[in-house]
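What follows is a set of notes on a single structure, which appears directly below.
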Amino acid sequence: MAEYALFFESGGPVLGEGYIVSIRVRGRALAIRDEESGEFQLSGVNPGSLLGFGRTLNEAYQEFVESLRCVLVDVASDAPSPEDFRREARDFFHTEDPEAEARWEAARERVRKGETPNDLELRLERSTPDLGIEVQHVEAPALSANAPAQELSPSALAA
């Protein structure tokens, strides 16, 4: 089983009851490739509790960000205001999975030592990007908020 420490970025509009917010999430995920089947699992580190599975890394990532979107839509369905949504979304982002955190750090260290080949051909990130969640209340919605679906965006093997 090969493990890869990834940074990812995802976002878009989320509709609540009577409001729209624009979300940008920059987090960490652990990609695990089963050596026998070649299939991937993405496990959230920040935020924790997210999973995605697929025959390719791109498929697993698409399922992973869809699970993120579903959680944010659920948060919006319970949050009566953009401020409540922002608070709940930030709390969710900061949920941690200590096991995933330890595995992510170990995978990152293996890359730094050159023990993990970049066979996924991802850009190597030498620094740690700013992680977090940005939530902006959309005061005047525009058609430009209808962004196309993102392609594979795990930006890097953490190095």
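Rule-based calculations on the coordinates, nothing more; no lab input. Quick caveat: nothing in here was measured; it's all calculated off a predicted structure. Glycine also receives a Cβ, built like all others from the backbone with ideal geometry; neighbour counts cover every protein chain displayed.
Quick one: would you say ARG24 is farther than 23 Å from LYS113 by Cα and either without any contact (Cβ under 8 Å) to a residue 24 or more places away in the chain or surrounded by fewer than 20 Cβ atoms within 10 Å (Cβ to Cβ) (or both)?
Here the answer is yes, as ARG24 does meet what is asked.
Within region 4-56, how many residues turn out to be more than 16 Å from the chain's Cα centre (by Cα) and not β-branched (Val, Ile, Thr)?
13
Of the residues in region 87-109, how many are in contact (Cβ under 8 Å) with a residue 60 or more places away in the chain and either farther than 29 Å from SER77 by Cβ or in contact with a Ser or Thr (Cβ under 7 Å, 6 or more places away or on another chain) (or both)? So that I can check it myself, show each step before the final result.
Start the filter on region 87-109 by keeping residues that are in contact (Cβ under 8 Å) with a residue 60 or more places away in the chain, which leaves 89, 93, 100, 103-108.
Retained after the next criterion (residues that are either farther than 29 Å from SER77 by Cβ or in contact with a Ser or Thr (Cβ under 7 Å, 6 or more places away or on another chain) (or both)): 100, 103-108.
Selection size over region 87-109: 7.
Is there a residue in region 56-71 that is in contact with a helix residue (DSSP H, G or I) (Cβ under 9 Å, 6 or more places away or on another chain), surrounded by 14 or more Cβ atoms within 10 Å (Cβ to Cβ) and not β-branched (Val, Ile, Thr)?
Let us first name the residues in region 56-71 that are in contact with a helix residue (DSSP H, G or I) (Cβ under 9 Å, 6 or more places away or on another chain), namely 71.
The next check asks that each one be surrounded by 14 or more Cβ atoms within 10 Å (Cβ to Cβ); those that pass are 71.
Restricting the remaining residues to those that are not β-branched (Val, Ile, Thr) gives none.
No - not one qualifying residue is present in region 56-71.
State which residue is surrounded by the most Cβ atoms within 10 Å (Cβ to Cβ) when the search covers only region 92-134 and only residues that are touching an Asp or Glu at 6+ places or on another chain (Cβ under 9 Å) and of a type outside the set (D, E, K, R).
Within region 92-134, the first condition is being touching an Asp or Glu at 6+ places or on another chain (Cβ under 9 Å), and the residues that meet it are 103-104, 106-107, 109-110, 115-116, 129.
Pick out the ones that are also of a type outside the set (D, E, K, R) and you get 104, 106-107, 116, 129.
On the way: TRP104: 24, ALA106: 12, ALA107: 22, THR116: 19, PRO129: 15.
Going through the qualifying residues, I end up with TRP104.
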